[in-house]
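Written below as structure tokens is the structure these notes are about.
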Amino acid sequence: MAKKRGSAQGSTPATLAASAAGVAFTTHAYQHDPSAESYGQEAAEALGVSADRVFKTLVAEVDGRLTVAVVPVSASLDLKALASAVGGKRATMADPAAAERSSGYVRGGISPLGQRRSLPTVVDASALDHDTVCVSAGRRGLEIELAPRDLADLTGARFAPVARAR
């Protein structure tokens, strides 16, 4: 995987953060369909990548504190497991407007990288089963592919089993 610097078209806070850190990554652009029901599934299909390797970024509240969870698009977030992973008691999904304000990204394009505010982040442990994973690069129709450990290093994330099969 070659290190890519964001072009004017592909430059986002997420790609800039990866570039600044010297992390090897590849960006993948595709034509986003505004009628798509699942942004992550759309990305997996457009890129021809297994849904187990494409991860969605979800913002939850754990004991009232915003927290980021990164889970495969083929699974759903286990809120109890997320709360436990960050030492909390109760987790709920965050209000979408709060997630957008905190991250600086729009829903469906929220990246775990380059967020406006640094939040506690948990990446599902299944990411470690892959050499690389794809996450949103900060806008709908743009994914960034990188090694799971680089993703964790860039976000200060911990790995924990926070996904459950649908």
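Here, each number is a calculation from the coordinates, and none is a lab measurement. Just so we're clear, the structure is a prediction, and the values are computed from it rather than from any experiment. A quick note on method: Cβ atoms are made from the backbone with ideal geometry, for glycine too, and the neighbour counts reach across all protein chains shown.
Can you give the calculated 222 nm mean residue ellipticity of the chain, where each DSSP H run of n ≥ 4 adds -39,500 (n - 2.57) and the sum is split over every residue, rounded to the nearest 500 deg cm²/dmol?
Here the helix-only value at 222 nm equals -6500 deg cm²/dmol.
Based on the mean of other beta carbon atoms within 10 Å per residue, what is the order of 143-150, 77-84, 44-51, 28-35, most packed first? Display every interim value, and only then the final one.
Working: 143-150: 21.8, 77-84: 19.1, 44-51: 16.2, 28-35: 12.2.
Ranking, from highest mean packing down: 143-150, 77-84, 44-51, 28-35.
Starting from the eigenvalues of the Cα gyration tensor, five times each then square-rooted, give me the equivalent ellipsoid semi-axes of the chain, largest first, whole Å.
Taking √(5λ) for each Cα gyration eigenvalue gives 23, 16, 16 Å.
Most exposed first by the Cβ proxy, i.e. fewest other Cβ within 10 Å, how do Thr92, Thr67, Thr155 rank?
Taking fewest neighbouring Cβ atoms as first place, the list is Thr92, Thr67, Thr155.
Where nothing but the Cβ of Lys and Arg (+1) and of Asp and Glu (-1) is charged, how large is the charge dipole of the range 7-78 around its Cα centre, in debye to the nearest 20?
Using Cβ point charges on Lys, Arg, Asp and Glu, the range 7-78 gives about 300 debye.
Among Ala98, Ala60, Ser118, whose Cα projects farthest towards the positive end of the dipole of the range 1-120, with charges put on the beta-carbon of Lys, Arg (+1) and Asp, Glu (-1)?
So the residue furthest toward the plus end is Ser118.
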